[in-house]
Amino acid sequence: MEEAPREAQRSQAPEAGAATETLITVDSPESMQELGRRVAALLRPGDLVLLTGELGAGKTTLTRGLGEGLGVRGAVTSPTFVIARVHPSLVGGPALVHVDAYRLGGGLDEMEDLDLDVSLPESVVVVEWGDGKVEELSDDRLHVVIARAVGHEEVLDDVRRVTVRGVGSRWADAGLAGLAEATGRVDRAAR
């Protein structure tokens, strides 16, 4: 059996306002957290990040890495029962607003009480289960889709395929392709 590549990428040349996409294979929770730290290096105040993936896919683990990379206070844990947590910066950067929209059935109207539109300009807002609910907050956003790799379960149990897609002009030249290249191991066939 061929070993799953540690990381792979596929990038597309963006048109004005179009999406830029990178595909990364992550082989452990530690690698997922490291990916979060690398994504954090690209983030700035006002950025909206949507995380999609089944239960247990690694959304909160990725967000924990984002928090470490942004240098925020507090342990980043799933906000499922509190809906949202704010983690202020310890290093003078943007706060991390971590939202779990799993239990929220409606769209942006139901999320209005969270005041995400107020938090967004000075914070990085990360919304788990946000697809179809918060896109209206910003024309520029980062979509991260995490999927379990399919194959021999004993070997691929922790392996995830992560698609990082930047939407809007903010992400046109943001360096998303470098996320996969950061480890130095890129699957050339996946480009």
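Laboratory data are not the source of any read-out in this text; all were calculated from the coordinates shown. None of the values given here were measured: they were computed from a predicted structure. Cβ atoms come from the backbone with ideal geometry, glycine included; neighbour counts cover every protein chain shown.
Each peptide in 49-57, 91-99, 61-69 receives the mean, over its residues, of other Cβ atoms within 10 Å, and ordering these scores from highest gives 61-69, 91-99, 49-57.
Starting from the Cα-Cα distance between A75 and D158, subtract it from 0.36 nm times their residue separation and give me the gain in nm to one decimal. Don't jump to the answer; show the numbers that get you there.
Details: separation 83, 0.36 × 83 = 29.88 nm, distance 2.24 nm.
Computed gain between A75 and D158 is 27.6 nm.
For the pair D173 and A147, label points projected 7 Å from Cα toward Cβ lie 3.2 nm apart.
So what is the relative contact order of the stretch 47-89, in percent, for Cα pairs below 8 Å that sit 6 or more residues apart? Spell out each step's value before the answer.
On the way: 23 pairs, mean separation 13.5, N = 43.
For the stretch 47-89, the relative contact order is 31 percent.
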